[in-house]
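Peer 1: This is the structure I want to talk about, given as structure tokens.
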Amino acid sequence: MNKDILFTPTKLGALELRNRIAMAPLTRTRGNEFGVLTDVAQDYYGQRASGTGLIIAEATQASFEGMGYPRTPGMHTQAQQDSWQKIVERVHAGGAKFVSQLWHVGRIAVDVNRGQSADVVAPSAIRAPGQMFTTANGMLDHDMPRALETDEIARIAGEFAQSALNAIDIGFDGIELHSANGYLLHQFLSSNVNQRDDRYGGSIENRTAMPLEVLDAIIAEIGADKVGIRISPGHTFNGIEETDMQELYAHYLPQIEKRGLAYLHVMRPMVNTTEIDVAQLARKHYSGKMIVCGGYDASSGAEAIEEGTANVVAYGKLFIANPDLVERMRKDGPFNELDEATFYTQGPKGYSDYPSLAG
Ligand SMILES: Cc1cc2nc3c(=O)[nH]c(=O)nc-3n(C[C@H](O)[C@H](O)[C@H](O)COP(=O)(O)O)c2cc1C
């Protein structure tokens with residue numbers, strides 16, 4: 001497979017990219033309990049900007065209520081925005097475009113991880129299976145969530161919109177709304193975690209209403225051409241079931257397309273539970289610009305672009321281990337070995353100390 005197409009420029013809404021290689025959003029827990037990233041993140045992102053078309057920053061909260069894992073960043077306080085602003089400058093100096101992925105973890109939370117306490121909330125009062133690492137007490141069960149009141153959805157949409165505006169104000173080129181991987185928006189979409197009997201639960205139309213309301217609030221604030229959205233159809237991570245997955249996305253995707261976003265980002269499940277090729281499924285119901293992610297290399301990424309499934313390909317683990325991934329792809333390697341043990345630790349080890357070819 002000729003991989004040259006990966007290195008050609010393209011446009012996603014307002015985002016003009018010098019090539020079709022994106023860094024996937026990657027939670028790395030290098031902040032503090034108040035969601036402020038430490039300075040080491042400037043090196044990490046700055047190193048990965050050289051040569052790259054687009055960097056999608058790690059999942060970032062719009063409120064303390066939206067925080068779950070330890071030391072994940074936010075976009076809702078001044079100190080958080082100040083730490084991001086320095087990173088934005090580094091990424092732009094390297095020539096990459098930079099978008100902020102905004103999330104709310106919903107029930108995937110333990111309140112003790114938050115510098116400021118908040119309720120743990122979800123579509124319904126159903127505890128998530130499994131445990132989470134806490135800095136204070138090691139592994140703990142997820143907290144029992146409280147079901148959100150109907151009129152709280154507008155508040156949450158407003159918090160997302162404000163954080164989107166904050167991101168643009170400090171120089172981000174756009175935002176990506178996180179509607180994947182079992183977090184709050186995906187919890188609303190699901191057929192098992194969402195057991196509501198108000199206008200946000202029950203039918204597929206109702207289950208997609210909350211994510212679309214959040215999307216509309218963000219669009220109203222910063223404009224659709226700077227907004228992307230990430231989905232992960234069929235991903236059972238964090239206890240999610242979509243028993244009507246085909247019908248769900250057959251409704252959700254045309255609704256998203258109508259809004260004229262910069263892009264749709266489709267993630268292939270990391271926990272592989274479906275025989276269906278979700279990138280193809282998404283393409284069937286969405287004709288706009290698409291980013292695909294999940295297990296691609298240079299050759300299969302180029303193929304996804306050539307066959308018309310994708311416009312841009314995002315790489316996760318390859319970017320963790322290779323700060324100069326684009327250069328290495330041009331040269332067909334070599335690629336550094338990945339150290340999974342340092343995914344969620346602190347400090348530069350396994351974060352900003354992977355070597356580049358230039359040394
Ligand atoms: C350490 C780690 C952190 C991740 N954090 C996020 C995240 O913050 N937001 C998100 O949407 N996906 C996250 N993912 C999923 C990646 O964006 C990507 O979809 C996944 O790694 C598959 O792509 P790959 O095969 O190229 O690594 C994470 C994955 C890893 C390994």
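The values are calculated or read from the model by the stated rules, or taken from the named source; none is laboratory data. Please read these numbers as outputs of a predicted model, since none were measured by experiment. Don't worry about glycine lacking a Cβ; one is built from the backbone with ideal geometry, like all the others, and counts go over all protein chains shown. These accessible areas exclude ligands, DNA and RNA; they are computed on the full protein's heavy atoms, side chains included. Shrake-Rupley method; radii C 1.70, N 1.55, O 1.52, S 1.80 Å.
Peer 1: Quick one: accessible area per residue over the chain, 1.4 Å probe, rounded to a whole number of Å²?
Peer 2: Using a 1.4 Å probe on heavy atoms only, each residue of the chain averages 37 Å².
Peer 1: In the Gaussian network model of the chain, springs joining C-alpha atoms below 10 Å, which of G308, G94, G68 carries the largest mean-square fluctuation?
Peer 2: Greatest mean-square fluctuation among the candidates belongs to G308.
Peer 1: Additional query: Around P323, what is the net charge, scoring Lys/Arg as +1 and Asp/Glu as -1 over all other residues with Cβ under 10 Å from its Cβ?
Peer 2: Here the charged neighbours net out to -2.
Peer 1: Express in whole angstrom the spacing between the alpha-carbon centres of region 203-264 and region 115-178.
Peer 2: Comparing the Cα centres of region 203-264 and region 115-178, I get a distance of 17 Å.
Peer 1: So, one more: Taking all protein chains together and a probe of 1.4 Å, list H251, H235 from the most accessible to the least accessible.
Peer 2: Solvent-accessible surface, decreasing: H251, H235.
Peer 1: Please list, in order along region 340-354, the HN-Hα scalar couplings obtained from phi with the Karplus expression 6.51 cos²θ - 1.76 cosθ + 1.60 (θ = phi - 60°), rounded to whole Hz, x for Gly and Pro.
Peer 2: Calculated HN-Hα couplings, in order: 5, 5, 9, 3, 10, 8, 10, x, x, 4, x, 10, 10, 10, 6 Hz.
Peer 1: Using a 1.4 angstrom probe on the protein heavy atoms only, line up F335, F172 by accessible area, largest first.
Peer 2: So the residues, ranked largest to smallest area, are F335, F172.
Peer 1: Could I ask something else about it? Count charges around G223 for me, please; just the other residues with Cβ under 13 Å from its Cβ, Lys/Arg as +1, Asp/Glu as -1.
Peer 2: -2
Peer 1: Could you give the size of the charge dipole of region 30-79 about its Cα centre, using +1 on the Cβ of each K and R and -1 on the Cβ of each D and E, expressed in debye and rounded to the nearest 20?
Peer 2: The calculation lands at about 120 debye.
Peer 1: Let me ask something additional. Need one number: % antiparallel among DSSP beta bridges in region 95-233, to the nearest 5.
Peer 2: Given both bridge residues lie in region 95-233, the antiparallel proportion sits at roughly 25 percent.
Peer 1: Separate question: Could you give the size of the charge dipole of region 1-138 about its Cα centre, using +1 on the Cβ of each K and R and -1 on the Cβ of each D and E, expressed in debye and rounded to the nearest 20?
Peer 2: 420 debye
Peer 1: Continuing with this model, one more query. Ignoring ligands, DNA and RNA, what percent of the accessible area of region 4-318 is carbon or sulfur (1.4 Å)?
Peer 2: The value for region 4-318 is 49 percent carbon and sulfur by accessible area.
Peer 1: Which of S203, S100, S50 ends up with the largest GNM mean-square fluctuation for the chain, with Cα atoms connected below 10 Å?
Peer 2: S203
Peer 1: Mind putting a number on the dipole of region 4-318 about its Cα centre? Charges go on the C-beta only, +1 for Lys and Arg and -1 for Asp and Glu, and I need it in Debye to the nearest 20.
Peer 2: 580 debye
Peer 1: Name the residues whose placed amide hydrogens come within less than 5 Å of the amide hydrogen of N194, ignoring near sequence neighbours (fewer than 5 apart) on the same chain.
Peer 2: none
Peer 1: Looking only at the chain, where both bridge partners belong to it, what percent of the DSSP beta bridges are antiparallel (to the nearest 5)?
Peer 2: Taking every DSSP beta bridge within the chain, about 20 percent pair in antiparallel fashion.
Peer 1: Work through the residues other than G53 whose Cβ is under 9 Å from its Cβ and net out their charges, Lys, Arg +1 and Asp, Glu -1.
Peer 2: Summing Lys and Arg as +1 and Asp and Glu as -1 gives +3.
Peer 1: To make sure I understand the rule: partners must be lysines, Cα under 30 Å from the Cα of K226, and not fewer than 8 residues away in the same chain. Which ones qualify?
Peer 2: K3, K11, K86, K97, K258, K284, K289, K317
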